[in-house]
1. Could you grab me the full set of residues in the stretch B:129-149 that are buried (at least 20 other Cβ atoms within 10 Å of the Cβ) and either more than 7 Å from every other protein chain (Cβ to nearest Cβ) or modelled with pLDDT of 90 or more (or both)?
2. From B:Ser52, B:Ser101, B:Ser57, B:Ser42, grab the single residue that is more than 14 Å from every other protein chain (Cβ to nearest Cβ), closer than 30 Å to B:Leu273 by Cβ and small (Gly, Ala, Ser).
3. What is the one condition in (1) in the same structural domain as B:Arg58 (by TED's automatic domain parsing); (2) out of contact with any Lys or Arg (no Cβ under 8 Å at 6 or more places or on another chain); (3) outside any loop (DSSP other than H, G, I, E, B) that B:Glu300 does not satisfy?
4. Do any residues in the stretch B:146-160 that are among the β-branched types (Val, Ile, Thr) have Cβ atoms under 9 Å from those of residues that are assigned to a loop (DSSP other than H, G, I, E, B), where the two are at least six apart or on different chains, and which pairs are they?
5. Is there a residue being in a loop (DSSP other than H, G, I, E, B), in contact (Cβ under 8 Å) with a residue 60 or more places away in the chain and over 20 Å from A:Ser301 (Cβ atoms) anywhere in the stretch A:42-59?
6. Go through (1) farther than 17 Å from A:Leu413 by Cα; (2) surrounded by 13 or more Cβ atoms within 10 Å (Cβ to Cβ); (3) in contact with a helix residue (DSSP H, G or I) (Cβ under 9 Å, 6 or more places away or on another chain) one by one and return the number of the condition A:Gly353 breaks.
7. Say whether the condition of being among the polar types (S, T, N, Q) and touching a Lys or Arg at 6+ places or on another chain (Cβ under 8 Å) is met by at least one residue in the stretch B:525-543.
8. Among the candidates B:Leu491, B:Leu542, B:Leu497, which residue alone is closer than 28 Å to B:Lys243 by Cα, touching a helix residue (DSSP H, G or I) at 6+ places or on another chain (Cβ under 7 Å) and surrounded by fewer than 20 Cβ atoms within 10 Å (Cβ to Cβ)?
Amino acid sequence: MKSKYALFLLLGTVLLGGCQKRVITQRSNLPTSHEATLLEVYSSAELMITASGIGVDEEAAVLDARRSAVHFVLAGGTDHLLQTLKEREKFKLIEQEFFERKNITRFISWEGEEYLRRIRLTTGKLKIEKEFRVNKELMKQQLISQGILPTEPALAESLGLPFIMVLPKTMGDESPIELLKQDRNLEKAAQVIESFLTARRYDVLVPEQKVKMDDMVALTQSLKGVKQDDPYLIALLVGSDIYITYTLDIEHRYVGSSEVKKALVGVRAFETTTSRLLGTETGYSSERLTSDAVIIEEAISDAVDNVLSRITAYWKDDLARGIQLKIIMNIGRGFSEQERYLVTSQTVEILKGLSNRLKENILGERTLDFLVWVDPNEAMSASEFFRSLRREYSLRLRTYKLKDLLINRKLLLLEIEKI
Amino acid sequence: MVGPGVKRKVAIFFVSLSLSIMALHNQSFPQVQGKYERKSISYINTLFFTHSGIRLSRQQQAYLLDAIKKRIEMERFDCNPLPDKVIREFPKECKTRTGASLTELDEILNRTVAKEIVHILDINKEMRAKEFLTEADRNSFVGTKAKDLGITAEDLEKIMNSAYIFVPFLDSCVTAKKRGADPIKLYGGIAWYRLSTQREESSITFIDTVKAQGSLVMASIFRLYSPSDKTAQFRQLADCLAKNLQFATRRISEFSLAVTLRRVDGGTVWFGLGEKEGVNKDDKYYVMELVEDTSGNIHEKRLGFVRVIKVGDNQANPKAMTKAKVVHGSQFEKGMFVSEHALTPLEICLKVNVIPVALKQGWLDYNSIKYFEVPTDRTADAYVGGLSIHYNLVKALNLSQTYVTFEIQMGAMRLKANLWDQQYQTDIGGIIGMHGGVMKKFYCGPLAIVNGVKFGGHSLLVTEKVEEINHKFESRVVTGFTFDLGVELALSINVNLGGLATYRLFDPTSSWTLKIKDKEKAWYSDKPPEVDFSGLGYNIYLSFSLPRFF
């Protein structure tokens with residue numbers, strides 16, 4: 001009997017032990033090394049990166065290096081894909097799946113065969129450094145499809161579809177369009193920047209063509225006897241919502257009898273009507289024995305990717321903080337000091353009510369200068385905001401009316417008049 | 001049996017010889033600087049004497065200079081040939097060629113040849129700079145989209161600053177001890193200078209010297225010249241010095257070949273050096289890896305070595321690789337690197353042979369007495385020390401691990417012989433021998449199957465002092481074939497340990513020479529003793545690959 005009980009207990013123990021859920025510890029897919037450096041911006045879609053990987057053997061170390069390269073594009077360097085806290089938090093939920101071997105291999109368009117460095121560490125692990133070409137654009141598309149990142153067209157649409165124009169920086173009265181016609185290097189630089197913009201589906205204006213269209217509109221209107229609208233003509237001078245301007249220098253020297261050149265560029269993006277700087281970056285080419293066009297493209301590529309990345313970052317901020325508008329109000333004639341004070345204080349209150357944030361730049365005797373951040377869901381455009389503002393004015397300041405002198409993109413030139 | 005005193009002397013000799021040979025290898029191997037980058041060299045065709053009293057004829061100097069030039073202008077270098085006019089200026093500027101310091105020559109070189117070398121570098125730099133383009137350069141934006149070579153200023157400057165000049169010099173010349181004798185040993189070297197163009201004016205600075213010697217030992221052994229032909233004798237001497245200078249140059253870290261392993265497949269590795277750098281079959285390379293220590297410092301660790309079995313033709317195809325077999329070490333991986341270990345095709349071998357010798361009963365009569373008698377038939381093992389030289393014929397025949405061999409042997413055996421009508425006895429016989437032949441090794445990892453065939457001769461020698469008179473009984477030298485089969489183990493990149501079974505096919509001989517007080521005497525006998533060296537024997541040996549010629 002006793003032996004039967006013992007056998008029963010033994011069998012039970014074995015069965016219970018076998019039924020226990022075995023905890024399988026899964027190795028993390030995240031990179032161990034995280035060491036990576038940007039070598040060059042290969043194109044609008046790809047980056048050349050050197051990355052190190054650490055692993056127990058060669059295969060593991062190379063896989064870790066690939067993960068480090070991909071990680072660099074996501075979260076390393078100064079301009080990475082995951083720009084906001086929200087994006088990083090969303091990514092954390094899918095990071096294991098994202099860094100799986102099969103998935104990251106898709107993003108690596110080229111991998112060097114040779115090892116740049118191979119070191120046996122004190123832990124016995126292997127550290128290998130290799131070169132990779134990573135397709136940043138493909139990574140971005142996957143993150144967009146998984147809802148981690150917004151699309152740039154969607155972003156642009158929610159911010160009022162800004163248009164971009166690329167022009168060389170000018171001194172004094174120089175015409176940038178004339179400069180583009182005369183200097184082929186400047187033209188080449190513009191082409192490279194425009195190629196990046198169009199590859200990412202930004203809306204780009206061609207400066208020479210825009211001037212022609214503006215002239216054509218003015219001529220047609222005059223032929224039809226339409227009265228000249230001076231504010232409109234002034235507004236046309238602005239050109240586009242965002243300017244990307246650039247400077248270009250090419251340095252020459254001789255190594256023996258061979259002339260080597262190096263291109264230095266500065267690229268800057270800013271909002272035309274608010275003067276807000278969106279991004280600025282410098283770019284350098286290597287000192288090479290080659291044509292100007294090659295080093296210009298190399299230097300521009302070095303800079304423009306970062307600038308566009310920063311533009312996107314600002315737009316994302318705008319979605320959260322609100323679209324920035326510049327409001328300049330002129331207080332008309334015949335206002336007493338009391339009246340001016342009333343109008344000014346009420347204007348500030350109204351603007352505070354209609355916007356997420358308000359910045360008072362200048363509160364002068366006759367001129368009020370503000371910056372407001374407006375929720376894009378409430379007012380997609382400057383004109384929409386103006387209508388809301390005018391409505392509030394009519395409710396709160398019945399003896400005064402708000403008149404628009406010029407609404408140009410994100411700039412509102414207004415006048416307060418007595419009714 | 002061989003006396004203990006003799007045994008001790010023989011042991012001391014071989015140990016000393018082993019230590020001497022090993023001392024030749026006791027040089028710190030060059031620190032690998034990473035991948036070898038091509039350098040360019042210019043040759044100053046003027047022999048510099050560091051001491052007065054060295055006498056060489058114009059023809060001898062010309063031959064020596066030419067020999068050095070041929071050996072140093074290796075495939076791994078790009079050559080910057082200087083015009084004769086420029087080279088002629090150099091000795092004129094050196095007001096005296098004797099006793100001047102080599103380190104002071106850089107100023108003269110600056111004045112005479114620097115400009116010309118810069119001019120040659122300038123013409124060739126764009127073409128040579130292509131060598132420095134890496135895999136990443138070829139796959140960068142410039143290489144692919146722009147379809148440009150992408151040569152950078154850095155690459156061009158590397159070319160302009162990796163030019164070297166070498167000036168041969170002679171330290172001393174040893175002649176035989178008679179008046180007007182020709183040289184039998186040369187001590188000389190090469191002074192290396194480097195051109196720098198980093199500042200506005202180019203400058204040449206002294207770096208270092210490499211020294212070597214030339215001798216006639218090998219040439220004598222292999223009868224490469226006739227002793228009466230003095231011109232041929234000097235040429236052998238000059239060639240020996242030039243070859244040794246080449247090996248010394250290959251050991252300079254900046255000039256030593258090194259590159260990473262591109263592929264590893266079991267016992268075979270591939271790397272990106274080849275005909276363009278002058279890699280040859282049977283060349284040996286250390287395999288090393290970078291290791292981090294506990295303080296975070298990186299140093300090189302030697303893991304083993306490989307031997308080249310197929311040289312890549314990277315002149316025709318830049319991507320061609322050289323294939324090498326792993327001899328020592330294991331678990332090599334891609335990314336480790338190989339570093340050249342320059343060795344001559346010579347091996348020197350210290351052997352202990354056991355040779356069966358059969359002595360048949362017989363006697364030699366002289367002056368009506370049995371002067372020498374072997375009373376009974378006897379077979380005994382002779383213990384014979386051997387010194388052999390093996391020369392790898394890979395360059396001549398393109399056959400890996402195929403050697404021509406030469407060996408001299410000296411040893412002793414136990415025997416029983418009676419002298420002077422059995423009034424005296426002796427129990428030691430000496431064995432001397434000399435062989436030449438061919439040998440082939442088949443490697444599998446560190447082990448090799450060795451087989452060979454030799455042709456040579458042996459003789460048995462019995463000497464004894466009887467009543468203060470030297471008596472010598474020597475068998476006729478018998479010739480025959482020896483067949484070897486055995487195994488060899490690579491202990492290190494320079495040292496192998498082997499053991500061979502040997503089978504000898506020799507005709508027995510009953511022909512003897514009798515000498516009393518070194519004068520040959522006529523003997524007679526109905527039944528002289530018969531000596532037979534045929535049979536199965538064996539030997540064990542240590543072989544050393546030599547870093548220079550003798």
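The values are calculated or read from the model by the stated rules, or taken from the named source; none is laboratory data. Fair warning: this is a prediction, and the values are worked out from it, not measured in the lab. Every residue, glycine as well, gets a Cβ built from its backbone with ideal geometry; the counts of neighbours run over all protein chains shown.
1. Looking only at the stretch B:129-149, we keep the residues that are buried (at least 20 other Cβ atoms within 10 Å of the Cβ), and these are B:129, B:136, B:140-142.
Across the stretch B:129-149, the qualifying residue is only B:Ala129.
2. Details: B:Ser52 fails: closer than 30 Å to B:Leu273 by Cβ; B:Ser101 fails: closer than 30 Å to B:Leu273 by Cβ; B:Ser57 fails: closer than 30 Å to B:Leu273 by Cβ.
Going through B:Ser52, B:Ser101, B:Ser57, B:Ser42 in turn, just one is more than 14 Å from every other protein chain (Cβ to nearest Cβ), closer than 30 Å to B:Leu273 by Cβ and small (Gly, Ala, Ser): B:Ser42.
3. The single condition B:Glu300 does not satisfy is (1).
4. Matching pairs, first to second residue: B:Ile151/A:Leu289; B:Ile151/A:Thr290; B:Ile151/B:Leu133; B:Thr152/A:Ser286; B:Thr152/A:Glu287; B:Thr152/A:Leu289; B:Ile159/A:Gly256; B:Ile159/B:Arg38.
5. In the first step, residues of the stretch A:42-59 are kept if they are in a loop (DSSP other than H, G, I, E, B); the result is A:42-45, A:56-57.
Then keep just the ones that are in contact (Cβ under 8 Å) with a residue 60 or more places away in the chain; that gives A:42-45, A:56-57.
Filter again for over 20 Å from A:Ser301 (Cβ atoms), leaving A:56-57.
Yes: the stretch A:42-59 contains one or more residues that are in a loop (DSSP other than H, G, I, E, B), in contact (Cβ under 8 Å) with a residue 60 or more places away in the chain and over 20 Å from A:Ser301 (Cβ atoms).
6. With (1) farther than 17 Å from A:Leu413 by Cα; (2) surrounded by 13 or more Cβ atoms within 10 Å (Cβ to Cβ); (3) in contact with a helix residue (DSSP H, G or I) (Cβ under 9 Å, 6 or more places away or on another chain) applied to A:Gly353, the lone miss is (2).
7. Of all residues in the stretch B:525-543, those among the polar types (S, T, N, Q) come to B:525, B:534, B:539, B:543.
Those still in the list that are touching a Lys or Arg at 6+ places or on another chain (Cβ under 8 Å) too: B:534, B:539.
Yes, the stretch B:525-543 has at least one match.
8. Values: B:Leu491 fails: touching a helix residue (DSSP H, G or I) at 6+ places or on another chain (Cβ under 7 Å); B:Leu497 fails: touching a helix residue (DSSP H, G or I) at 6+ places or on another chain (Cβ under 7 Å).
Answer to the selection: B:Leu542.
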